[in-house]
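Here the structure comes first, spelled out in structure tokens, and everything after it is commentary.
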Amino acid sequence: YLSKGMLKRVYVPTATERSHRQVIRTRRQLIDDRIRKQNQIKSFLAQHGLPMPTVQGKWTKGFARQLKCIRFTDRWLGTSFKELLDVYEFMDQRVEKQTALLKELSKTEQYSDRVTILTSIPGIGILSAMELLLELQDVERFRTAEKLAAYVGLTPSQFSSGDHVRMGRITRVGKSHLRATLIEAAWILVRKDDCARETYQRIKARAGAKRAIVAVARRLLLQSRSMIIHSRPFARCA
């Protein structure tokens, strides 16, 4: 049996924190639904021998209009394709509406100051800042940097053999979406900040690009925690 002193303290979000967190999680679910519909549209065109218009990255409204210009000689195919496009357009509008709700939440007293602090980091925008704040909530509950990194899943695995310990890939447990957000921000940071770029290049030289960008993302996470706790903006290299 474990004594009370030995029991692990478990963080339980408040009802308010859970409701706020659901805003970003619902947005994420809506984006996943939109991506599935995009894949269905691409599959429909491929199945009927029509080339998919070229697009890079996110589908813009202009690209969606371009899809609407596709014509089928067969009425049944054309009507079915239009239905897919209409559903995609509806989903896109839902994402926009949920994004607006998230931005509205970011301006509330509970988050606005911390959003301002986090968005001082190159690569962190309002949406990324809210992802951090809503998924982590009270960052001071993580007593050490290692606990926070492990929670997000930015802790490298270890392989032991005798007296030797080898660091492997990240464990990939924890908050996958938050981890992806941090890695995406890290790529921007290495282009805009000299310290981050130096860290990336140094680790890349001995461990490769993937591990280097994960290291920058981990550093970014811990730096964000410190900035929030001490209420100070991002400081660039001198």
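Criterion first (closer than 22 Å to Ala180 by Cα and in contact with a helix residue (DSSP H, G or I) (Cβ under 6 Å, 6 or more places away or on another chain)) does Ser106 satisfy it?
Numbers: closer than 22 Å to Ala180 by Cα: yes; in contact with a helix residue (DSSP H, G or I) (Cβ under 6 Å, 6 or more places away or on another chain): yes.
Against the criterion (closer than 22 Å to Ala180 by Cα and in contact with a helix residue (DSSP H, G or I) (Cβ under 6 Å, 6 or more places away or on another chain)), Ser106 qualifies.
Looking only at residues that are among the aliphatic types (A, V, I, L, M) and either open to solvent by 50 Å² or more (accessible area, probe 1.4 Å) or in a loop (DSSP other than H, G, I, E, B) (or both) in segment 78-108, which one is farthest from Phe44 (Cα to Cα)? Talk me through it step by step, then tell me what you get.
To start, the set of residues in segment 78-108 that are among the aliphatic types (A, V, I, L, M) comprises 84-85, 87, 91, 95, 100-102, 105.
Of the ones still in play, those that are also either open to solvent by 50 Å² or more (accessible area, probe 1.4 Å) or in a loop (DSSP other than H, G, I, E, B) (or both) are 100-101.
On the way: Ala100: 31, Leu101: 33 Å.
Ranking the candidates gives Leu101 first.
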Legend entry - Index of the failed condition, Ile188 passing every other in (1) within 16 Å of the chain's Cα centre (by Cα); (2) hydrophobic (A, V, I, L, M, F, W, C); (3) modelled with pLDDT of 95 or more; (4) open to solvent by less than 30 Å² (accessible area, probe 1.4 Å): (4)
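Check whether at least one residue in segment 170-183 is open to solvent by 90 Å² or more (accessible area, probe 1.4 Å), among the basic types (Lys, Arg) and over 26 Å from Thr116 (Cα atoms), and report yes or no. Can you show your working first?
In the first step, residues of segment 170-183 are kept if they are open to solvent by 90 Å² or more (accessible area, probe 1.4 Å); the result is 172.
This time we only want the ones that are among the basic types (Lys, Arg), so: 172.
Subset that is over 26 Å from Thr116 (Cα atoms): 172.
Scanning segment 170-183, I find at least one residue that is open to solvent by 90 Å² or more (accessible area, probe 1.4 Å), among the basic types (Lys, Arg) and over 26 Å from Thr116 (Cα atoms), so the answer is yes.
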Legend entry - Condition broken by Ala150, with the remaining ones in (1) under 23 Å from the mean Cα position of the chain (by Cα); (2) among the hydrophobic types (A, V, I, L, M, F, W, C); (3) surrounded by 17 or more Cβ atoms within 10 Å (Cβ to Cβ) satisfied: (3)
Inset, instruction - Out of the residues in segment 38-62 that are under 21 Å from Leu127 (Cβ atoms) and part of a helix (DSSP H, G or I), state the one that is most open to solvent (accessible area, probe 1.4 Å). - result: Lys61
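For the structure I just gave you, tell me whether Ile117 is part of a loop (DSSP other than H, G, I, E, B) and of a type in the set (A, V, I, L, M). Spell out the reasoning first.
Numbers: part of a loop (DSSP other than H, G, I, E, B): no; of a type in the set (A, V, I, L, M): yes.
So Ile117 does not fit the description; no.
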Inset, instruction - Out of the residues in segment 64-110 that are β-branched (Val, Ile, Thr) and over 27 Å from the mean Cα position of the chain (by Cα), state the one that is farthest from Pro51 (Cα to Cα). - result: Thr79
Inset, instruction - State all residues of segment 50-89 that are more than 15 Å from Lys37 (Cα to Cα) and hydrophobic (A, V, I, L, M, F, W, C); if no residue qualifies, say none. - result: Leu50, Val55, Cys69, Ile70, Phe72, Trp76, Leu77
Legend entry - Pairs with Cβ under 9 Å, 6+ apart, first in segment 200-220 and touching a residue at least 60 places away in the same chain (Cβ under 8 Å), second acidic (Asp, Glu) and assigned to a helix (DSSP H, G or I): Ala217/Glu184
Legend entry - Among residues of segment 111-136, those that are among the charged types (D, E, K, R) and under 15 Å from the mean Cα position of the chain (by Cα), counted: 2
Legend entry - Residue in segment 1-15 that is at pLDDT 90 or above, among the hydrophobic types (A, V, I, L, M, F, W, C), under 27 Å from the mean Cα position of the chain (by Cα) and open to solvent by 60 Å² or more (accessible area, probe 1.4 Å) present: yes
Legend entry - Filter pass, Leu178 being out of contact with any strand residue (DSSP E or B) (no Cβ under 6 Å at 6 or more places or on another chain), modelled with pLDDT of 95 or more and not aromatic (Phe, Trp, Tyr): no
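The values are calculated or read from the model by the stated rules, or taken from the named source; none is laboratory data. Nothing here was measured: the structure is a model prediction, and the numbers come from that model. Don't worry about glycine lacking a Cβ; one is built from the backbone with ideal geometry, like all the others, and counts go over all protein chains shown. These accessible areas exclude ligands, DNA and RNA; they are computed on the full protein's heavy atoms, side chains included. Shrake-Rupley method; radii C 1.70, N 1.55, O 1.52, S 1.80 Å.
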